[in-house]
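The values are calculated or read from the model by the stated rules, or taken from the named source; none is laboratory data. Worth saying up front: this structure is predicted, and the values here are computed from it rather than measured. Quick reminder, even Gly has a Cβ in these numbers, built from the backbone with ideal geometry, and neighbours come from all protein chains shown.
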Amino acid sequence: MVSWWIRFMSLTVALLFAIFMAISVEAIGVNYGRNADNLPPPSQVIALCKKCGIQSFRLFDPSHDILEALRGSNLKVSIGVKNEDIQTLASNPSAANQWVSTNVAPYADDVNIQWITIGNEVIPGVEATLVTQAMQNIYNAKSSILGPTDSIKVTTVMSMAGLRNGYPPSNGVFSDEIVEVMRHVSSFLAQTGSPLLINAYPYMAYASDPQHISFEYATFQAPSPIIDGNLKYFSLFEAMVDVVNAAMEKIGFGNVPILVAETGWPTKGNEPFTSIENAQTYNQKLLSFVQSGKGSPRKPTQPVDAFIFAMFNEDKKEGIVEQNWGIFNPDMSPIYPLFPC
């Protein structure tokens, strides 16, 4: 009787652990940039993601060859609107209808499209004031074409450069030039139940100011926290998320969740800050943090989902650092162990 109970409990624990891992791993994704001339075909890339347990996949533009390869994969997909298309989509609802009809509708039945992102880091920037109208036009188009029950979220991806203060996190506030833009953007996101996407790179902050930012704090390994009121920060990643949360609260939209569209660590080009070991440390700790389901100190019950930048090194980018953010080689072997492939 006792041995039966032990076997039953062991199977139950194993099952619960498997369920937990299946749920939590969905929070981590990869960015699929293709500014390279040596990458494998999309079908092989999608197969690699499935083999490695990667559950989310971010595209910077609506590449049809990739969308075709994604059919039936069940990967959660984010499709980007290119920055240069924002003005047309904001000013012309028929162009938004055409964009959705061409890039979303043909794939909606068997590609798990979760997000449409209007631009990448156009806030702050000259096109920032166009983002809300472009989001609205794309949202109206998808609702009309796909039906009112469609669940695809329309959002945008902002740069941390839009924050005026970043330390301590509770002092986070949007810069004067984008406060009104962010009020309009956030109002749309709140009304449609969409997250705000941000690009957060602790590497860049650490490499630019190693005298005041420790490697341990930049890589989720701080032995003691930075204190902000009654909140404790053991990682710069969490602090970056909460800088944005604090800024959103100050404009009245603290209920809008934050999703990290890009984060990662380069493997070469700026030694000693860049190395395979440093990149592996950061991304492994990031993976553990995301899969834990923990939120940031400011929002501890709201898990922080993230996309690692990037799937592959991109040899056509300018500069050694920019070329070396990948977690896989072009032959699809891992640059360093990260996922259970």
| remark: Picked from the stretch 228-260 (must be out of contact with any helix residue (DSSP H, G or I) (no Cβ under 6 Å at 6 or more places or on another chain) and without any contact (Cβ under 8 Å) to a residue 12 or more places away in the chain), the residue nearest to PHE309 (Cα to Cα) is GLU249
| task | Within the stretch 240-273, count every residue that is polar (S, T, N, Q) and either surrounded by fewer than 20 Cβ atoms within 10 Å (Cβ to Cβ) or closer than 14 Å to LEU196 by Cα (or both). | result | 3
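Determine whether PHE307 is in contact with a Phe, Trp or Tyr (Cβ under 8 Å, 6 or more places away or on another chain) and in contact (Cβ under 8 Å) with a residue 40 or more places away in the chain. First the steps, then the outcome.
Values: in contact with a Phe, Trp or Tyr (Cβ under 8 Å, 6 or more places away or on another chain): no; in contact (Cβ under 8 Å) with a residue 40 or more places away in the chain: yes.
Judged against the criteria, PHE307 is not a match.
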| note | Picking from VAL111, VAL154, the residue that is within 14 Å of PHE188 (Cα to Cα) and either assigned to a loop (DSSP other than H, G, I, E, B) or touching a Phe, Trp or Tyr at 6+ places or on another chain (Cβ under 9 Å) (or both) would be VAL154
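Of the residues that make up the stretch 111-124, is at least one surrounded by 15 or more Cβ atoms within 10 Å (Cβ to Cβ), without any contact (Cβ under 8 Å) to a residue 12 or more places away in the chain and over 17 Å from the mean Cα position of the chain (by Cα)?
As a first pass, look at the stretch 111-124 and keep what is surrounded by 15 or more Cβ atoms within 10 Å (Cβ to Cβ): 111-124.
From the residues that got through so far, the ones that are without any contact (Cβ under 8 Å) to a residue 12 or more places away in the chain too are none.
Looking for residues that are surrounded by 15 or more Cβ atoms within 10 Å (Cβ to Cβ), without any contact (Cβ under 8 Å) to a residue 12 or more places away in the chain and over 17 Å from the mean Cα position of the chain (by Cα), one finds none in the stretch 111-124, hence no.
Just to be sure I understand, how many residues within the stretch 316-335 are surrounded by fewer than 22 Cβ atoms within 10 Å (Cβ to Cβ) and either in contact with a Ser or Thr (Cβ under 8 Å, 6 or more places away or on another chain) or within 30 Å of ASN171 (Cβ to Cβ) (or both)? Full working, then the answer.
Taking the stretch 316-335 first, the residues surrounded by fewer than 22 Cβ atoms within 10 Å (Cβ to Cβ) are 316-323, 329-335.
Those still in the list that are either in contact with a Ser or Thr (Cβ under 8 Å, 6 or more places away or on another chain) or within 30 Å of ASN171 (Cβ to Cβ) (or both) too: 321, 335.
Qualifying residue count for the region: 2.
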| field | Residue within the stretch 38-58 that is touching a Pro at 6+ places or on another chain (Cβ under 9 Å), buried (at least 21 other Cβ atoms within 10 Å of the Cβ) and assigned to a helix (DSSP H, G or I) present | value | no
| Looking at (1) closer than 23 Å to GLY326 by Cβ; (2) crowded, with 16+ Cβ neighbours inside 10 Å, which is the one condition that is false for ILE86? | (1)
| message | Conditions first: (1) in contact with an Asp or Glu (Cβ under 9 Å, 6 or more places away or on another chain); (2) surrounded by fewer than 21 Cβ atoms within 10 Å (Cβ to Cβ); (3) over 20 Å from PHE309 (Cα atoms). ALA161 passes all but one, so which condition is the exception? | response | (3)
| message | Let me confirm something: among GLY166, GLY72, GLY125, GLY162, which residue is modelled with pLDDT under 95 and out of contact with any helix residue (DSSP H, G or I) (no Cβ under 7 Å at 6 or more places or on another chain)? | response | GLY125
| remark: Considering the stretch 191-229, residues that are among the hydrophobic types (A, V, I, L, M, F, W, C) and within 19 Å of the chain's Cα centre (by Cα), and then whichever is surrounded by the fewest Cβ atoms within 10 Å (Cβ to Cβ), we arrive at MET204
| Under 6 Å by Cβ, and 6 or more places apart or on different chains, what pairs join a residue from the stretch 29-53 that is within 12 Å of MET332 (Cβ to Cβ) with one that is of a type in the set (Ser, Thr, Tyr) and surrounded by 14 or more Cβ atoms within 10 Å (Cβ to Cβ)? | ILE46/SER73
| Residues of the stretch 316-341 being among the polar types (S, T, N, Q), assigned to a loop (DSSP other than H, G, I, E, B) and more than 13 Å from CYS52 (Cβ to Cβ), which ones? | ASN324, ASN329
| Those residues of the stretch 270-315 which are modelled with pLDDT of 95 or more, farther than 22 Å from GLN55 by Cα and outside any helix (DSSP H, G or I), in sequence order | ASN270, GLU271, PRO272, PHE273, THR274, SER275, PRO297, ARG298, LYS299, PRO300
| Restricting the search to the stretch 131-145, which residues are buried (at least 18 other Cβ atoms within 10 Å of the Cβ) and either out of contact with any strand residue (DSSP E or B) (no Cβ under 9 Å at 6 or more places or on another chain) or under 19 Å from ALA261 (Cβ atoms) (or both)? | VAL131, THR132, GLN133, ALA134, MET135, ASN137, ILE138, TYR139, ALA141
| said: Can you find, within the stretch 296-315, the residue that is surrounded by the most Cβ atoms within 10 Å (Cβ to Cβ) among those that are more than 16 Å from the chain's Cα centre (by Cα) and over 16 Å from PHE60 (Cα atoms)? | reply: ARG298
